[in-house]
């Protein structure tokens, strides 16, 4: 084999190595991008698909789908209206937790629709929201699981309180208001019980 043939073979091998290196770099860059954007949802999707390549293809497809949606910010009037609606949900929770949780779910759906998100089946809604709101998507999934359990008669009052917390997290994210603490505290007070949800306190006489 002459020298020119060896040079050609070496050149081809070097080209293949560079190509493979470039592909590996692009794959790692894509993985880092998806991990940063989706957070825990990245790991959840990998567990669901059982394969990193398939999971990343799904997440990329979500990104492409959401870029085609016309997502808009709320007007000041809409933000005020939704804020008042959520206050009503919290007030209703004191006397009728089940109805309050159902209304919270409806308010989130209405808010999504107003922002420009499709409101089809739950999994598609969660997938769409995970693209830009990955930090709170676990709250939405948890709230949905509780409301499903409640429909089957398997949710306690404690579960319903947790659902309100979860719904509030996704609601405030979509509303784009300053995040509020979403822990619920229950303290016994003279003359009744005091329920604190986020910034708001409600009292129920005994």
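The values are calculated or read from the model by the stated rules, or taken from the named source; none is laboratory data. Owing to the predicted nature of the structure, the values given are computational and were not obtained by experimental measurement. Using ideal geometry, Cβ is built from the backbone for each residue, glycine included, and neighbour counts are taken over all protein chains shown.
Quick look at the values:
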| read-out | value |
| --- | --- |
| Only one of 99, 104, 85 that is under 29 Å from residue 150 (Cα atoms), surrounded by 15 or more Cβ atoms within 10 Å (Cβ to Cβ), modelled with pLDDT of 95 or more and over 16 Å from the mean Cα position of the chain (by Cα) | 85 |
| Top-ranked residue in segment 70-80 [being in a loop (DSSP other than H, G, I, E, B) and touching a helix residue (DSSP H, G or I) at 6+ places or on another chain (Cβ under 7 Å); ranked as nearest to residue 120 (Cα to Cα)] | 71 |
| Answer from 59, 34 - the residue that is crowded, with 18+ Cβ neighbours inside 10 Å and either modelled with pLDDT under 95 or part of a loop (DSSP other than H, G, I, E, B) (or both) | 34 |
| Condition check for residue 125: without any contact (Cβ under 8 Å) to a residue 40 or more places away in the chain and out of contact with any strand residue (DSSP E or B) (no Cβ under 7 Å at 6 or more places or on another chain) | yes |
